[in-house]
1. Do you know which of the residues in segment B:182-201 that are open to solvent by 50 Å² or more (accessible area, probe 1.4 Å) and more than 8 Å from DNA strand C (Cβ to nearest atom) is modelled with the lowest pLDDT?
2. If you go through segment B:44-77, how many residues are at pLDDT 90 or above, small (Gly, Ala, Ser) and open to solvent by less than 60 Å² (accessible area, probe 1.4 Å)?
3. Where the second residue is open to solvent by 10 Å² or more (accessible area, probe 1.4 Å) and more than 7 Å from DNA strand D (Cβ to nearest atom) and the first is within 19 Å of A:Asp191 (Cα to Cα) and within 14 Å of chain B (Cβ to nearest Cβ) and lies in segment A:201-215, which pairs have Cβ atoms under 6 Å and are six or more apart or on separate chains?
4. What about B:Arg41, is it under 18 Å from the mean Cα position of the chain (by Cα) and open to solvent by 20 Å² or more (accessible area, probe 1.4 Å)?
5. Pick out the one residue from B:Thr120, B:Thr184 that is within 14 Å of chain A (Cβ to nearest Cβ) and among the polar types (S, T, N, Q).
6. Identify the residue in segment B:128-142 that is polar (S, T, N, Q) and open to solvent by 20 Å² or more (accessible area, probe 1.4 Å) and, among all such residues, is farthest from DNA strand C (Cβ to nearest atom).
7. Could you check segment B:15-35 and list, in sequence order, the residues that are farther than 16 Å from B:Gly84 by Cα and buried (at least 16 other Cβ atoms within 10 Å of the Cβ)?
8. With the requirement that a residue be more than 16 Å from B:Leu147 (Cβ to Cβ), in contact (Cβ under 8 Å) with a residue 24 or more places away in the chain and more than 16 Å from DNA strand C (Cβ to nearest atom), what does segment A:143-172 give you?
Number of protein chains: 2
Amino acid sequence: MNRSNTDSTKRDVLRRLPSFGGLPPDLLAELGAICRLRSYRHDQLIAEEGERLSFVGFISGGILRLQKPQADGRLSIVGLMVEGDMFGRIFNGALHFTLAATGDVEICAFSRELFEELATRWPELERLVMLNILNELDSAREWMLILTSYRVTERLAGFLLLICRRWTSVAKLVRVDKGRLRLTIPVNRTDLAHFLATRPESLSRAFHALADDGLIRLHTPYEIEILDLPALLDLSGSEDLFTPGSFEDLFPRQA
Amino acid sequence: MNRSNTDSTKRDVLRRLPSFGGLPPDLLAELGAICRLRSYRHDQLIAEEGERLSFVGFISGGILRLQKPQADGRLSIVGLMVEGDMFGRIFNGALHFTLAATGDVEICAFSRELFEELATRWPELERLVMLNILNELDSAREWMLILTSYRVTERLAGFLLLICRRWTSVAKLVRVDKGRLRLTIPVNRTDLAHFLATRPESLSRAFHALADDGLIRLHTPYEIEILDLPALLDLSGSEDLFTPGSFEDLFPRQA
DNA sequence: GGCGCAGCTTGACGCGTATCAATGCATTGC
DNA sequence: GCAATGCATTGATACGCGTCAAGCTGCGCC
């Protein structure tokens with residue numbers, strides 16, 4: 001897991017980060033010179049709320065939770081970040097939320113000072129950071145939309161569709177096998193329950209309610225097959241959240 | 001209402017926008033040259049979801065809703081924006097949400113092309129835009145926290161505290177009279193209900209439940225007096241959302 | 001002044017879900 | 001192999017809230 005921080009490894013990792021694709025070679029070289037790979041295990045904290053993180057990070061593998069412990073002992077999860085996402089508060093203050101690993105996570109870290117200096121010198125990099133933040137903002141608002149559904153089944157439907165839409169390219173979480181759409185839920189029931197503003201028990205019932213109605217099939221608790229995409233869209237109550245054609249890349253024109 | 005777009009008026013408006021404070025005079029002059037004031041009435045749409053807005057705007061007065069009509073007829077509100085906030089998708093695609101006025105609104109609009117050109121030429125402006133987006137992201141996540149409370153009273157408590165914390169400087173929405181903390185709810189019950197993922201009836205009950213328990217006093221449906229701030233913090237379940245001292249500017253050291 | 005309208009409030013009822021408790025099921029360690 | 005542990009699941013019950021329906025209140029308008 002804990003790969004060595006050799007130059008060749010780092011070059012590999014940087015090349016795999018989608019947002020870094022269009023950057024000028026000179027900038028990539030500078031970035032490569034200052035990046036360090038780090039890895040974390042499940043539930044390990046990367047940084048805590050209130051902390052002034054000394055680096056900015058790009059996720060090169062795994063899933064990160066953005067969470068906040070509540071006074072009553074509950075844990076609110078306000079975001080999940082995946083491969084390619086950036087975290088850390090560049091040009092800004094302390095973290096507002098705790099960062100924790102969900103499953104094994106590998107990140108590519110840049111010293112905050114050096115990265116800020118680079119961003120000031122390279123407008124391309126600053127633009128990349130801004131687009132990353134805009135992207136996060138969209139995600140956050142889509143989550144809000146999902147959270148405003150009353151029933152747990154509706155929120156769950158919205159979550160499954162969100163995974164399909166946004167995480168197609170991430171670590172094969174979503175894939176089509178022999179015309180069947182299957183996806184891997186990358187978080188356990190408890191985390192997902194926190195995320196969907198409900199409890200594990202209710203979430204479990206919601207999963208099986210969808211299964212009983214023939215909308216999904218549960219191969220394992222983490223392996224889901226989508227049987228009736230239109231019905232899920234209908235249930236999520238926001239079919240127009242997904243512009244027509246959003247799912248076309250999942251179903252090539254062979255169909 | 002519909003003030004003329006004279007140079008002196010525009011200078012006034014630009015000067016009142018908090019984020020523009022530290023900008024270099026030359027940049028301010030350029031901004032002043034390309035800005036146009038616009039005003040909107042209650043419920044008027046500024047732009048609709050999917051539209052590619054031809055300008056970026058800064059709110060100089062009033063409140064804007066970010067909303068999305070749902071398939072089932074409900075209206076989801078995913079954000080409120082106030083004086084000083086920026087909207088419009090600079091360097092990016094079409095709007096993901098509809099922008100609508102809540103009450104009378106006045107904005108300061110810049111042609112998108114010209115503003116982007118300015119931002120490319122002035123790093124200070126691009127930085128300002130980025131900090132604005134970061135700020136929006138924080139707001140969105142705070143809203144998510146509020147939305148994850150189970151009970152409507154908890155969400156309402158969170159909303160009231162959010163107004164206190166973030167909108168102190170906005171149009172005297174929050175003020176202290178003779179040691180009493182009073183605030184003006186800037187949206188009607190129906191909008192607020194959509195916002196808190198509930199219904200007007202339940203929201204009304206929640207307001208009066210808080211009043212019966214002595215946490216607040218309802219002078220009118222829109223004029224609230226906070227009687228027991230600690231109890232509200234406790235109820236909202238996220239007292240640590242508000243760092244110690246957040247409310248100190250409301251209660252100067254005279255107390 | 002009285003009428004009408006829109007928005008806030010209150011009441012009654014059924015449904016969905018939080019909660020508590022117990023069981024099933026897999027994986028880990030000895 | 002067996003015990004122990006962590007997680008998903010299922011069952012029973014109480015409570016909060018969405019829903020429908022009916023009053024109430026303030027306000028503008030003729």
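The values are calculated or read from the model by the stated rules, or taken from the named source; none is laboratory data. As the structure is a computational prediction, the values presented were derived from the model and not from experiment. No Cβ is skipped: glycine too gets one built from the backbone with ideal geometry, and neighbour counts run over all protein chains shown. All accessible areas refer to the heavy atoms of the entire protein, side chains included, with ligands and DNA or RNA removed. Shrake-Rupley method; radii C 1.70, N 1.55, O 1.52, S 1.80 Å.
1. The qualifying residue modelled with the lowest pLDDT is B:Arg182.
2. Residues in segment B:44-77 being at pLDDT 90 or above, small (Gly, Ala, Ser) and open to solvent by less than 60 Å² (accessible area, probe 1.4 Å): 4 in total.
3. A:Ser202/A:Val152
4. Yes: the conditions hold for B:Arg41.
5. Result of the check over B:Thr120, B:Thr184: B:Thr120.
6. Step by step, filter segment B:128-142, then rank; the result is B:Asn135.
7. Scanning segment B:15-35 gives B:Leu27, B:Glu30, B:Ile34.
8. A:Leu161, A:Cys164, A:Arg165, A:Arg166, A:Trp167, A:Thr168, A:Ser169, A:Val170, A:Ala171
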